[in-house]
1. Look through 135, 54 and report the one residue that is part of a helix (DSSP H, G or I), touching a strand residue (DSSP E or B) at 6+ places or on another chain (Cβ under 9 Å) and under 25 Å from residue 177 (Cα atoms).
2. Confirm whether residue 158 is part of a helix (DSSP H, G or I), more than 30 Å from residue 296 (Cβ to Cβ), touching a residue at least 24 places away in the same chain (Cβ under 8 Å) and touching a strand residue (DSSP E or B) at 6+ places or on another chain (Cβ under 9 Å).
3. So, of the residues in segment 279-291 that are touching a helix residue (DSSP H, G or I) at 6+ places or on another chain (Cβ under 6 Å) and in a loop (DSSP other than H, G, I, E, B), which turns out to be nearest to residue 228 (Cα to Cα)?
4. Being at pLDDT 95 or above, within 18 Å of residue 97 (Cβ to Cβ) and in the same structural domain as residue 58 (by TED's automatic domain parsing): is that true of residue 144 here?
5. Which of the residues that make up segment 1-21 are more than 25 Å from the chain's Cα centre (by Cα), surrounded by fewer than 24 Cβ atoms within 10 Å (Cβ to Cβ) and closer than 21 Å to residue 192 by Cβ?
6. Does any residue of segment 328-347 turn out to be part of a loop (DSSP other than H, G, I, E, B) and within 31 Å of the chain's Cα centre (by Cα)?
7. For segment 174-215, give me each residue that is out of contact with any helix residue (DSSP H, G or I) (no Cβ under 6 Å at 6 or more places or on another chain) and not in a loop (DSSP other than H, G, I, E, B).
8. Do we have residue 294 as in the same structural domain as residue 245 (by TED's automatic domain parsing), part of a helix (DSSP H, G or I), surrounded by fewer than 17 Cβ atoms within 10 Å (Cβ to Cβ) and touching a residue at least 40 places away in the same chain (Cβ under 8 Å) here?
């Protein structure tokens with residue numbers, strides 16, 4: 001008989017690590033899939049090989065990385081099972097992941113699915129009734145094994161077929177982690193992440209930025225939003241300028257560098273060449289204004305904000321020189337910093353001094 005393969009959803013947290021190891025301990029080949037979106041772990045797409053090597057070295061787990069972004073942006077329009085405390089559609093998120101994983105099973109030769117869910121650990125998505133809903137709506141009623149709580153749940157196909165021994169699975173429940181930590185030690189796992197909510201949609205501040213789009217309170221319509229838009233929305237200081245401009249300012253050197261790499265052809269890019277300060281993107285500046293007069297007015301405001309958040313020079317002039325690039329044309333604006341009282345209402349969140 002050829003070796004059975006299981007496909008496991010892998011968050012990178014301790015529960016998903018243990019779920020993979022518990023199944024693999026029974027001689028089953030486990031292939032893990034790490035789903036990413038702009039709201040969680042998206043940066044891994046740029047370091048795919050390094051991440052895969054790290055996971056295998058630390059935990060002995062073969063992991064794939066799959067981008068779930070497009071389907072996820074559609075999901076946020078109207079998740080069937082609603083949102084959590086913030087803008088997190090946890091139940092529909094898990095349904096989407098398991099549905100996508102089911103679609104991958106044939107190409108990977110997988111016989112069943114595995115998750116690290118623990119009965120009762122999360123109040124929204126890991127109640128007994130919710131686990132049943134996730135199975136039903138993802139079409140995985142019999143193919144989904146939750147090895148950490150399996151003995152508290154109905155038998156799955158993997159157990160019924162004898163692919164895996166139910167008596168060697170676990171009966172974990174609740175929010176405590178002492179049993180998981182003890183099991184990790186048994187497996188020789190000492191380096192694992194602390195529990196934390198890694199999804200930006202559960203963040204009380206950043207999730208409000210995303211909610212604005214889907215509630216129709218943003219300059220970009222929800223049906224037009226793109227993955228790069230989401231990535232920009234989660235970065236730096238955010239302003240909605242009079243006239244409909246969307247301005248993003250970096251808060252430090254790292255964010256400045258990221259902004260410059262994320263700028264697209266239709267964006268305006270601003271920075272001060274001779275004074276430390278923020279880089280900025282005026283999103284879609286080349287196409288969102290009716291005429292050049294409106295564009296120049298927006299660029300003047302954007303440049304004044306760049307100067308406002310730039311480093312002040314002792315005994316030097318308050319104005320600064322800002323290089324502006326749009327439509328492959330470059331201009332230098334010498335401009336005064338914008339007074340806080342003018343732009344206070346433009347900020348998505350309260351602006352720091």
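1. Numbers: 54 fails: touching a strand residue (DSSP E or B) at 6+ places or on another chain (Cβ under 9 Å).
135 is the lone residue from the list that is part of a helix (DSSP H, G or I), touching a strand residue (DSSP E or B) at 6+ places or on another chain (Cβ under 9 Å) and under 25 Å from residue 177 (Cα atoms).
2. On the way: part of a helix (DSSP H, G or I): yes; more than 30 Å from residue 296 (Cβ to Cβ): yes; touching a residue at least 24 places away in the same chain (Cβ under 8 Å): yes; touching a strand residue (DSSP E or B) at 6+ places or on another chain (Cβ under 9 Å): yes.
Yes; evaluated as a whole, the condition is true for this residue.
3. Applying the first criterion (touching a helix residue (DSSP H, G or I) at 6+ places or on another chain (Cβ under 6 Å)) to segment 279-291 yields 279-282, 289.
Still in the running and in a loop (DSSP other than H, G, I, E, B): 279, 289.
Numbers: 279: 17, 289: 20 Å.
Across segment 279-291, the extreme among qualifying residues is 279.
4. Details: at pLDDT 95 or above: yes; within 18 Å of residue 97 (Cβ to Cβ): yes; in the same structural domain as residue 58 (by TED's automatic domain parsing): yes.
Considered against the rule, which asks whether it is at pLDDT 95 or above, within 18 Å of residue 97 (Cβ to Cβ) and in the same structural domain as residue 58 (by TED's automatic domain parsing), residue 144 comes out as yes.
5. Start the filter on segment 1-21 by keeping residues that are more than 25 Å from the chain's Cα centre (by Cα), which leaves 1-6, 21.
Checking the rest, the ones that are also surrounded by fewer than 24 Cβ atoms within 10 Å (Cβ to Cβ) come to 1-5, 21.
21, the sole residue that qualifies.
6. First, the residues of segment 328-347 that are part of a loop (DSSP other than H, G, I, E, B): 328, 336-339.
From what is left, the residues that are within 31 Å of the chain's Cα centre (by Cα) are none.
Among the residues of segment 328-347, not one is part of a loop (DSSP other than H, G, I, E, B) and within 31 Å of the chain's Cα centre (by Cα), which makes the answer no.
7. The answer is 178, 179, 181, 182, 184, 185, 186, 202, 208, 210, 211, 212.
8. Numbers: in the same structural domain as residue 245 (by TED's automatic domain parsing): yes; part of a helix (DSSP H, G or I): yes; surrounded by fewer than 17 Cβ atoms within 10 Å (Cβ to Cβ): yes; touching a residue at least 40 places away in the same chain (Cβ under 8 Å): yes.
Yes, satisfied.
The values are calculated or read from the model by the stated rules, or taken from the named source; none is laboratory data. Just so it is clear, the structure is predicted and the values come from calculations on it, not from any experiment. Note that each Cβ is placed from the backbone with ideal geometry, even for glycine, and that neighbours are counted across all protein chains shown.
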